[in-house]
Amino acid sequence: MAKKKVEEKNQQNGDNSKTDKEASFDDEPNFSDPEGYVDNVTDEELLGDLLKQQPKETDGVESVIVVDGVPQIGPERMEKLKSVINRTFGKIGNFVNEYYPVNEQGHTKGYIFLEYSTPVHAAEAVKVMNNYKLDKQHTFQVNLFIDFVKYEQIPDEWTPPEPRPYEGQGDLYHFLLEPDAYDQFGVVTQDTTVQIWQNTQPDPTLVEERENCTQVLIKWSPLGTFLSTFHHQGIALWAGSNLTQYKKFLHVGVQFIDFSPCEKYLVTYSTMPVDHHESSKIIIWDIRTGLEKRSFNPEGSSTWPIFKWSHDDRYFGRIVNDVLSVYETPSFGLLDKKSIRNPGIRDFSWSPTDNVLAYWVAEDNNGPASVTLLEIPNRNEIRKKNLFNVADCKIHWQRAGDYLCVKVDRYSKVKKERNENKYSGMYCNFEIFHMREKEIPVDSVESKEPIQAFAWEPVGSKFGVIHGESPNINVSFYEVRAGQAPVLLKKFEKRACNHLFWSPRGQFVVLAGLGATGGGSLEFVDTHDFLVMNTTDHFQMSDVEWDPTGRYVITGVSYWKTKVDTGYWIWSFQGKILKRVNVEKFALLLWRPRPPSLLSEEKQKEIKKNLKRYYPQFESKDRMRQSKASKELIEKRATLMEKWRNYRAERMGRYQEVKARRLALRNNVDTDELDADTENVEEEVVEFFIKEEVTVLE
């Protein structure tokens, strides 16, 4: 039926005597090309995106590698050989197929075929495992299977390859070249809009704004080089002057990420179900190349981050079922091919400056709890401290690595109910390890009150503790000195706070009340002489963030906590409010970190010593900036005033033009003035009684 209608339509098009009105509306439209029409649109222009996905002849074998130099063994040792191959090549990625050619006697021929799940893993295996020495007699020679076909088709005449155009990655440290060293911060709203601001004075300047840039939140890398955004398909990293896309990491359903301290590696964690060889819940990526280095599937329940990194990215570790496993990079193999088995091990943490890790072991019927300091990679125990009546421990390193504090929650009584321990009579001890002193002495500070928060001073040897229960919450500051027990410096009593935030430069601290019981209280304290510089509040406050310089503090009210009055306030380090910014559906604010200074300690001390010489330079810049802002404000006000005067003069002229018309409508009575019509005026006399008092002055 449709074909018949099309034919009738074509006949009607050929008959010029018929008009469009006579055409039937039931006929289908004719999309055929006229005679002589030449289509000059190429397939690349029309279907460019689809042609990139066009199957190639090599599909199905581009993930296959050929491994030569494999030991030639008999059938009885085949399982052992496969185990070695799986362990050696399995750390590159998952392979879905393997083939071991054998002769008539069942002996291997010295080469094997392995098929990975993706061509990326195959290429990485060739790069990493080629010339890998298995033992003294066997060295692997690894090639892609498709390379054999490519090398068979080498032409007789050689032509030099055309150089590819250079594609630079841009200046990754462009944000550090700002002349006045203004810091940046990122703002995320609930509608996934991401804004990057520069903290210029007197008002911040918007650098970038992108809608639908992330699905959940953002995260800066530890040195501030990369901005990461979350997407359903994986993670995207942005860097450079305009935050262009640096790399993409495909991992469906990513919920958590973690950077290594030196920004060499990225760890992604997905909550999506694992599909055999095709996916893993945890993947470690090389940020520079974008390649997957190793993948894991977590066993049992665990807290994020599952992996913890050493300060130099050389090692990372995790705890699974009473086993501490330490891996080394760049091979990503198990250190010394064995783990540290210690029944009852609960948690560990790396020193921020040395390859030393501290872990604690819970007590059991056979022995007490303990905290152990372990050197990596030689695994020497440099210190061990036994502890008794321990319910839980938390490990806190000082940023310089000079001291280690282990917060030990202890109990007076314990009772076991339904295979769970119920503790009573709880109190706390702070075990302070002096890492730079001989034999690492340990001092103890005891607190009978519940601990709300603990934090080391980032630069210095002080630490603060919030202890007690509402309404009797106290804040104590201690200082650790070489060869001495911690000294109590100051105790603030009855404070409305439950968190403390140190300035990145030390000395200054913010005592904040977060959560439903905190009330949004803020207290700015100078710990040099423990002067309370300001006491204020930010109602419904959910976040407190110091900038990298320690000069500014931002407090925020997140949409995730409350639906009204969302936004952020900018404060000086002394507690002076500088800016209030209300943002609808404000979700998150993060300052962009800065890398460590390249100046030596001697140079930094010299600058601090001669800092007064630089004061006039900075004061001059501040005055120029303030005068510029004042000049712009004055010019803006003058423009508005001139605009108002012009508008007023125009309206007054129009008012006078229609005055005759108004008099005609009102019987020639001028009502423009209040006393123009004396007949309509009533005079009313109002008397007030004034009380009179007489005071006699002696």
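The values are calculated or read from the model by the stated rules, or taken from the named source; none is laboratory data. It should be emphasised that the depicted structure is a prediction, and the values quoted were computed from it without experimental measurement. All Cβ positions, even for glycine, are placed from backbone atoms using ideal geometry, and neighbour counts span all protein chains on display. Just so you know, the surface numbers come from the protein's heavy atoms only, side chains and all, with ligands and any DNA or RNA stripped out. Shrake-Rupley method; radii C 1.70, N 1.55, O 1.52, S 1.80 Å.
Residue-by-condition table, conditions (1) aliphatic (A, V, I, L, M); (2) touching a His at 6+ places or on another chain (Cβ under 7 Å); (3) open to solvent by less than 100 Å² (accessible area, probe 1.4 Å); (4) over 30 Å from Ala400 (Cα atoms):
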| residue | (1), (2), (3), (4) |
| --- | --- |
| Phe586 | no, no, yes, yes |
| Glu602 | no, no, no, no |
| Leu633 | yes, no, yes, yes |
| Val685 | yes, no, no, yes |
| Phe689 | no, no, no, yes |
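Pairs are defined by a Cβ separation below 9 Å, a sequence spacing of at least 6 or placement on different chains, a first member in segment 148-175 that is within 28 Å of Thr205 (Cα to Cα), and a second member that is loosely packed, with under 10 Cβ neighbours inside 10 Å and not β-branched (Val, Ile, Thr); the pairs so defined are Asp171/Leu177. Taken as a whole, the condition of being touching a residue at least 40 places away in the same chain (Cβ under 8 Å), within 35 Å of the chain's Cα centre (by Cα) and assigned to a loop (DSSP other than H, G, I, E, B) applies to Gly460. Scanning segment 87-109 for residues that are under 30 Å from Ile283 (Cα atoms) and outside any loop (DSSP other than H, G, I, E, B) turns up Arg87, Thr88, Phe89, Phe95, Val96, Asn97, Glu98, Tyr99. Taken as a whole, the structure places Asn582 among residues that are of a type outside the set (A, V, I, L, M), open to solvent by 80 Å² or more (accessible area, probe 1.4 Å) and in contact with a strand residue (DSSP E or B) (Cβ under 6 Å, 6 or more places away or on another chain).
Taking each residue of segment 302-314 that is farther than 25 Å from Thr271 by Cα and looking for partners that are of a type in the set (Ser, Thr, Tyr) with beta-carbon atoms closer than 9 Å, six or more apart or interchain, yields Ser310/Ser260; Ser310/Ser351; His311/Ser351; His311/Thr353; Asp313/Ser260; Asp313/Tyr265; Asp313/Thr329; Arg314/Thr329. Considering every residue within segment 421-435, establish whether at least one is assigned to a loop (DSSP other than H, G, I, E, B), at negative phi and modelled with pLDDT of 90 or more. The answer is yes, given that some residue of segment 421-435 is assigned to a loop (DSSP other than H, G, I, E, B), at negative phi and modelled with pLDDT of 90 or more. Go through the residues of segment 81-92 one by one and say whether even a single one is at positive phi, in contact with a Phe, Trp or Tyr (Cβ under 9 Å, 6 or more places away or on another chain) and assigned by TED's automatic domain parsing to the domain that holds Gly69. No; the residues of segment 81-92 include none that is at positive phi, in contact with a Phe, Trp or Tyr (Cβ under 9 Å, 6 or more places away or on another chain) and assigned by TED's automatic domain parsing to the domain that holds Gly69.
Listed conditions (1) within 27 Å of Glu363 (Cα to Cα); (2) within 32 Å of the chain's Cα centre (by Cα) are all met by Glu446, apart from (2).
A count restricted to segment 401-428 and to residues that are open to solvent by 40 Å² or more (accessible area, probe 1.4 Å) and under 27 Å from Phe463 (Cα atoms) stands at 5. Please work out which residue is surrounded by the most Cβ atoms within 10 Å (Cβ to Cβ), limiting yourself to segment 117-146 and to residues that are modelled with pLDDT under 85 and over 41 Å from the mean Cα position of the chain (by Cα). In this case the residue turns out to be Asp135. Please verify whether Asp191 is more than 19 Å from Thr225 (Cβ to Cβ), open to solvent by 30 Å² or more (accessible area, probe 1.4 Å) and touching a Lys or Arg at 6+ places or on another chain (Cβ under 7 Å), treating the condition exactly as stated. When the stated conditions are applied, Asp191 passes them.
Within segment 313-328, restricting attention to residues that are open to solvent by less than 10 Å² (accessible area, probe 1.4 Å) and part of a strand (DSSP E or B), the residue that is farthest from Ala369 (Cα to Cα) is Tyr315. Among the residues making up segment 218-253, those that are buried (at least 18 other Cβ atoms within 10 Å of the Cβ), among the hydrophobic types (A, V, I, L, M, F, W, C) and over 17 Å from Asp313 (Cβ atoms) are Ile218, Trp220, Leu227, Phe230, Ile235, Ala236, Trp238, Ala239, Leu243, Phe249. Residues in segment 577-610 that are of a type in the set (Lys, Arg) and touching a residue at least 40 places away in the same chain (Cβ under 8 Å): Lys579, Lys585, Arg592, Arg594. Considering segment 85-116, the residues that are in contact (Cβ under 8 Å) with a residue 40 or more places away in the chain and open to solvent by 60 Å² or more (accessible area, probe 1.4 Å) include one that is farthest from the chain's Cα centre (by Cα), namely Tyr111. The combined condition, being closer than 30 Å to Leu172 by Cα, surrounded by 15 or more Cβ atoms within 10 Å (Cβ to Cβ) and either at pLDDT 90 or above or of a type in the set (Lys, Arg) (or both), is not fulfilled by Leu500. Within segment 559-582, the set of residues being polar (S, T, N, Q), within 20 Å of Gln184 (Cβ to Cβ) and in a loop (DSSP other than H, G, I, E, B) is empty.
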